[in-house]
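For reference, the structure is listed below as structure tokens.
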Amino acid sequence: MDAAFVPLLLLSSVGYASGALAATNVRVVLEDLVIGDETYKRYAMKGDGPQWFEQDGTAGIKVRFGDDSFKVVYHNLLDVPTVIHQHGLTPSHNLDGVPYMSTPPIQPSRSSLVEFPLTYENTGTYFLHSHYGFQHELGVGAPVIVEAPMPLGYPLRSRIRRAKDVVMMLEDFGGYFADNETTNLDGFSPNEVYQELVDAWGDDSGEWDYEECMAPGDGMDVHFRYHLCNSKTLLDPVVVKHRPGDDLRIRVISGTTMSNYKLEFPVNVTLIAVDGQPVKPKRMDTFWIAVAQRADFLMTIPRTKNKKVFPIFARVASDKKQRSGLVITTGSKANVPEYSLTTDDAVGDMGDGVGTKQEMTLEAWKPLSPRRDVHWFHLNITGDNGFNAINRVSYQLPPTVPTYTPNPNPLVVKYGERVCIQLRNFNADAHPFHMHGKSFQVVEIDGQEFNGAMRDVVLTPKGDCKTVSFCFDATNPGVWPLHCHMAYHLYAGMLTTIEYEGVALSS
Ligand SMILES: [Cu+2]
């Protein structure tokens, strides 16, 4: 890239203001992705500056809590508009990065500064992604790490503080529609895949029975040719070297657009946080992670001379038997074996009870304080593949629709109140629901109440009109999306908003 280009962009940036700390540059670009003998074009994020880090074959934003604000200038080097969402972080509404709802898209060759203070609730593992069209599926994503000690009194606190970071950014790439595998394998056009879903819904929608509790479905409608960890497949995985006895903080980011995974660790690990929020520590060697969730683990490399290779696999929760992963080795003589992209068995679907069963075992380290007055909303998940999905309606954003229209059916809350939302799933699939602007606590699944994890994405049970409920305190005024994070379902309009009554918003 022309070195003179960035200063030019800075001059044209929107709302650019000088501050003590230089801003970090993040450029949204088109790049080559080489997998085996094939070269594909995909979007990516490149960067430089004080908050840019590169390690383990991935790169993104790393900020130390207490020292710095989040301060990034996004540069759009694509020939189409883009807008970047800081997934899981909670800036003021106008910096949320949702096209037109909160933030105007960045036009080609233009830049935009996003700067906001980080709260302790913003510490942990997050990611950036485009919220514009199918750009996230096409590669516009990057990790965000906000470093901070675990809360006072947290077990293993000093060991976690000294642990070395290992980052696993999981992505799915090259989507195709399940019933028509041949058409999209080479084209990789999300719009074609979406059109298949539009056509399928068009055939069904006229006689759709919205009262029917659909039985749990048996698979996904969209599959992917490749699953990546830090932009690599297992044919040529990222290998990171550490020493026997090292404590590692494994930060797993499910930066995928449709795929859930079962993580398989080579030794027992301790889960310490989900979606950036600390949980009561829990020992395990497998963990399910849904689209757009994150999970942090403390893993100690065994002190043994016999074993030098420690792969962590992310097995795709579908019938395709695919996997991605990252390999940790010790010593210079470690022989990394060849790994296949697929396994003999499929791991099954996260939505088939295992995901919700796991969810009920998680406990927030700092749950919401009990409150008696609660403002409840009850939403039905209806329709199919994201169409007419929330209380029988679709709400779509540009560029799916040509112009932005405010949500005609928002969930209106009052500042300061405790809000709880129950989703009842009439649909056959499990949907990873993401809320912007606040983390929430999961408190109920399928009629069972529990004091669950703080999160920003929760996977609904599959079908049978089963429910999931989550709560938060409404203290961040704005117009905040609540949506299924599967890209095609969001595109189809599986989206609503939480809006604050009587609060004027900055823009
Ligand atoms: Cu969905």
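Within region 211-246, the residues that satisfy the criterion of being of a type in the set (A, V, I, L, M, F, W, C) and closer than 20 Å to residue 258 by Cα are 220, 222, 224, 228, 229, 234. Here the condition is being in contact (Cβ under 8 Å) with a residue 60 or more places away in the chain and within 16 Å of the ligand (Cβ to nearest atom); of 385, 407, it holds for 385 alone.
Is region 370-381 home to any residue that is within 16 Å of the ligand (Cβ to nearest atom), in the same structural domain as residue 446 (by TED's automatic domain parsing), open to solvent by less than 70 Å² (accessible area, probe 1.4 Å) and in contact with a helix residue (DSSP H, G or I) (Cβ under 6 Å, 6 or more places away or on another chain)?
no
Test residue 336 against the stated conditions and say whether it is more than 30 Å from residue 123 (Cα to Cα) and either within 16 Å of the ligand (Cβ to nearest atom) or open to solvent by 20 Å² or more (accessible area, probe 1.4 Å) (or both). It is true that residue 336 is more than 30 Å from residue 123 (Cα to Cα) and either within 16 Å of the ligand (Cβ to nearest atom) or open to solvent by 20 Å² or more (accessible area, probe 1.4 Å) (or both). Of the candidates 109, 158, the single residue that is over 16 Å from residue 274 (Cα atoms), surrounded by fewer than 22 Cβ atoms within 10 Å (Cβ to Cβ) and without any contact (Cβ under 8 Å) to a residue 24 or more places away in the chain is 158.
I'd like the full set of residues that are in a loop (DSSP other than H, G, I, E, B) and open to solvent by less than 20 Å² (accessible area, probe 1.4 Å), limited to region 78-106.
Passing the criteria: 78, 83, 88, 89, 91, 96, 97, 98, 101, 102, 105.
Test residue 72 against the criterion of being within 30 Å of residue 150 (Cβ to Cβ), out of contact with any Asp or Glu (no Cβ under 7 Å at 6 or more places or on another chain) and in a strand (DSSP E or B), and give yes or no. So residue 72 fits the description; yes.
Being within 16 Å of the ligand (Cβ to nearest atom), in a strand (DSSP E or B) and either in contact with a strand residue (DSSP E or B) (Cβ under 6 Å, 6 or more places away or on another chain) or closer than 22 Å to residue 202 by Cα (or both) is not true of residue 397.
Residues that are under 22 Å from residue 135 (Cα atoms) and either crowded, with 21+ Cβ neighbours inside 10 Å or among the basic types (Lys, Arg) (or both): does region 443-458 have at least one?
yes
Quick check on my filter: what residues within region 460-486 are open to solvent by 10 Å² or more (accessible area, probe 1.4 Å) and in contact with a helix residue (DSSP H, G or I) (Cβ under 7 Å, 6 or more places away or on another chain)? Result: 477, 479. Which one of 360, 350 is closer than 26 Å to residue 452 by Cα and buried (at least 21 other Cβ atoms within 10 Å of the Cβ)? Only one candidate qualifies: 350.
What do you reckon, is residue 125 outside the structural domain of residue 255 (by TED's automatic domain parsing), under 21 Å from residue 256 (Cα atoms), modelled with pLDDT of 95 or more and open to solvent by less than 10 Å² (accessible area, probe 1.4 Å)? Yes, satisfied. Here residue 426 passes the criteria (1) within 16 Å of the ligand (Cβ to nearest atom); (2) surrounded by fewer than 23 Cβ atoms within 10 Å (Cβ to Cβ); (3) of a type outside the set (Asp, Glu); (4) within 27 Å of residue 278 (Cα to Cα) except the one numbered (4). The residues in region 112-129 that are among the hydroxyl-bearing types (Ser, Thr, Tyr) and assigned to a loop (DSSP other than H, G, I, E, B) can be counted, and the count is 2.
Residues of region 192-250 that are surrounded by 16 or more Cβ atoms within 10 Å (Cβ to Cβ), assigned to a helix (DSSP H, G or I) and not aliphatic (A, V, I, L, M): 194, 196, 201. Under the condition of being within 24 Å of residue 292 (Cβ to Cβ) and not in a strand (DSSP E or B), the residues counted in region 152-166 number 1.
Checked across region 410-417, the condition of being basic (Lys, Arg), within 16 Å of the ligand (Cβ to nearest atom) and open to solvent by 10 Å² or more (accessible area, probe 1.4 Å) holds for no residue.
Sub-7 Å Cβ pairs linking a first residue in region 476-487 that is in contact (Cβ under 8 Å) with a residue 24 or more places away in the chain to a second residue that is open to solvent by 10 Å² or more (accessible area, probe 1.4 Å) and near the ligand (Cβ under 8 Å from one of its atoms), at least 6 apart or interchain, are 483/490; 484/490, ordered by first then second residue.
Of the residues that make up region 130-145, is at least one open to solvent by less than 10 Å² (accessible area, probe 1.4 Å), part of a strand (DSSP E or B) and in contact with a Pro (Cβ under 9 Å, 6 or more places away or on another chain)? The answer is no; no qualifying residue exists.
The values are calculated or read from the model by the stated rules, or taken from the named source; none is laboratory data. Model, not experiment: these values are computed from the prediction. With ideal geometry, Cβ positions are generated from the backbone for all residues, glycine too; neighbour counts draw on all protein chains shown. We work out accessible area using only protein heavy atoms, side chains counted, and drop any ligands, DNA or RNA first. Shrake-Rupley method; radii C 1.70, N 1.55, O 1.52, S 1.80 Å.
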